[in-house]
Amino acid sequence: MHRPLGITVSRHILDSQRLHPEATGALSSLLAELIVAAKTISAEVNMAGLADILGMSGKTNIQGEDVQKLDEFANNTIKRRMARSGFLCVMTSEEEEDIIPAAEGYEGKYTLAFDPLDGSSNIDVNVNIGTIFSIHRRLTPSGQGSKEDLLQKGREQVAAGYIVYGSSTMLVYTTVEGVHGFTLDPSVGEFYLSHPDIRMPDRGKYYSTNEGNSCRWREPMRRYIDFLKEEDKESSRPRSARYIGSLVADFHRNLIAGGIFLYPGDRKSPEGKLRLLYEASPLAFIAEKAGGRAITDDGRSILDIEPTALHQRVPLIIGCRQDVDVAEEFFAGKR
Ligand code: AHM
Ligand code: MG
């Protein structure tokens, strides 16, 4: 088969680095290590379901290795690889209560917040899941990093991205130079540039929210969703509902095809469900770089929130700019 000469993600990262003569290459190398972890997770995700068949009683596989749950596998893969990458001082993961310091002697100048496998309810049922990451420059001067290094505003991110394990595996990342998407060719084991310079449409076709929670929603959310379902040709309503229940997959669809995702606070969970540091903040960074917006249900910009805890939750409204603007008016009581 003839394969076109594609731009690999490593080539792309190095080319972006060239635009910054002052860059040391540490961020590029960090991303390269993270991408190896992502490919390892992708391979394991593709084997999901076979583990029980190939393994003995689900505990060990035919190589005699322990069969781990996928989210545990993803967490260990990123944590172990990145702790010795030499580019990080500290990490935080959705799967770990405390900070994860870099291995002694391997401390570097960046921090990493990650959700190893997001969309946990979809893991065992062969529906799209993803990995999300957020990178900041450290604040403390040297040695192993601390919580303080991780509790930084989203606006200060130096890079953010996600990997969606879908009908194919895709990586989407941004540094300062726009948002770019890469698709994994599993036969070569390389991510190739497939979606250069992604821009979100100004207005979308879809809305994504868990309507099963509507009995707990506050008034503005109910009214906004009702509004999206009304018929009005000029404003492209009614909108279509699409909800996978994996933030990465729902966000990815809205990024490419256009839409809005909402997980507001409600009567049961005033702060919503999603986590600021490794879910909302990196996706907000990507959304803004692609021309979209991300706010809370009281109109604060997600990227300007000062985090106070590693696993803090935040109400999230994210998507196409005009759609978020209209939602904001509803939540502010202006409509
Ligand atoms: P998780 O981190 O346990 O996977 O939870 C986060 C997920 C998101 O991917 C998704 O947007 C949301 O939870 C779905 O929640 P719900 O099942 O309440 O609709
Ligand atoms: Mg998650």
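Condition check ((1) at pLDDT below 95; (2) surrounded by 15 or more Cβ atoms within 10 Å (Cβ to Cβ); (3) within 22 Å of Ala23 (Cα to Cα)) across all residues:
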site	(1), (2), (3)
Pro141	no, no, yes
Gln157	no, yes, yes
Leu171	no, yes, no
Tyr192	no, yes, no
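In region 223-249, the qualifying residues are those that are part of a loop (DSSP other than H, G, I, E, B) and under 19 Å from Gly166 (Cα atoms), and the one that is farthest from ligand 2 (Cβ to nearest atom) is Arg242.
So for region 173-193 (the condition being within 16 Å of ligand 1 (Cβ to nearest atom), among the hydroxyl-bearing types (Ser, Thr, Tyr), within 20 Å of Tyr278 (Cβ to Cβ) and in a strand (DSSP E or B)), does at least one residue qualify? Within region 173-193, none of the residues are within 16 Å of ligand 1 (Cβ to nearest atom), among the hydroxyl-bearing types (Ser, Thr, Tyr), within 20 Å of Tyr278 (Cβ to Cβ) and in a strand (DSSP E or B). Residues in region 86-116 that are within 16 Å of ligand 1 (Cβ to nearest atom) and more than 22 Å from Leu276 (Cα to Cα): none. If you go through region 109-120 one residue at a time, do you hit one that is within 16 Å of ligand 2 (Cβ to nearest atom), of a type in the set (S, T, N, Q) and either assigned to a helix (DSSP H, G or I) or under 19 Å from the mean Cα position of the chain (by Cα) (or both)? Checked against the condition, which is being within 16 Å of ligand 2 (Cβ to nearest atom), of a type in the set (S, T, N, Q) and either assigned to a helix (DSSP H, G or I) or under 19 Å from the mean Cα position of the chain (by Cα) (or both), region 109-120 yields at least one hit. Among the residues examined, Pro220 does not qualify as more than 16 Å from ligand 2 (Cβ to nearest atom), not assigned by TED's automatic domain parsing to the domain that holds Ala249 and not polar (S, T, N, Q). If the condition is being farther than 17 Å from Phe133 by Cβ, in contact with a helix residue (DSSP H, G or I) (Cβ under 7 Å, 6 or more places away or on another chain) and β-branched (Val, Ile, Thr), then region 284-317 contributes Ile295, Thr296, Ile305, Val314, Ile317.
Could you list all residues from region 130-146 that are more than 16 Å from ligand 1 (Cβ to nearest atom) and not aliphatic (A, V, I, L, M)?
Hits for region 130-146 are His136, Arg137, Arg138, Thr140, Pro141, Ser142, Gly143, Gln144, Gly145, Ser146.
Summed over region 99-118, the residues that are under 18 Å from Ala74 (Cα atoms), out of contact with any Leu (no Cβ under 7 Å at 6 or more places or on another chain), touching a residue at least 40 places away in the same chain (Cβ under 8 Å) and not acidic (Asp, Glu) give a count of 3.
Give region 84-98 a look and list any residue that's buried (at least 19 other Cβ atoms within 10 Å of the Cβ) and either within 16 Å of ligand 2 (Cβ to nearest atom) or within 20 Å of the chain's Cα centre (by Cα) (or both), or say none.
The answer is Leu88, Val90, Met91, Thr92, Ser93, Glu94.
Comparison of Gly265, Gly299 shows that the only residue that is assigned to a loop (DSSP other than H, G, I, E, B), closer than 25 Å to Gly161 by Cα and more than 16 Å from ligand 1 (Cβ to nearest atom) is Gly299.
Go through the residues of region 239-259 one by one and say whether even a single one is without any contact (Cβ under 8 Å) to a residue 40 or more places away in the chain, away from ligand 1 (no atom under 16 Å from the Cβ) and not small (Gly, Ala, Ser). Walk me through how you get there before you give the answer.
Going through region 239-259, the residues without any contact (Cβ under 8 Å) to a residue 40 or more places away in the chain turn out to be 239-243.
Among the residues that remain, those that are also away from ligand 1 (no atom under 16 Å from the Cβ) are: 239-240.
Still in the running and not small (Gly, Ala, Ser): 239.
Yes: region 239-259 contains one or more residues that are without any contact (Cβ under 8 Å) to a residue 40 or more places away in the chain, away from ligand 1 (no atom under 16 Å from the Cβ) and not small (Gly, Ala, Ser).
Listed by first and then second residue, the pairs with beta-carbon distance under 9 Å, at least 6 apart or on different chains, first residue in region 131-146 and over 30 Å from Lys39 (Cβ atoms) and in contact (Cβ under 8 Å) with a residue 12 or more places away in the chain, second among the hydroxyl-bearing types (Ser, Thr, Tyr) and buried (at least 21 other Cβ atoms within 10 Å of the Cβ), are Leu139/Thr111.
Can you tell me which residues in region 272-296 are more than 13 Å from ligand 1 (Cβ to nearest atom) and either without any contact (Cβ under 8 Å) to a residue 40 or more places away in the chain or outside any helix (DSSP H, G or I) (or both)? Within region 272-296, Glu288, Ala290, Gly291, Gly292, Arg293, Ala294, Ile295, Thr296 qualify.
The values are calculated or read from the model by the stated rules, or taken from the named source; none is laboratory data. Since the structure is predicted, the reported quantities are computational estimates derived from the model, not experimental observations. Reconstructed Cβ throughout: ideal geometry from the backbone, glycine too, with neighbour counts over all protein chains shown.
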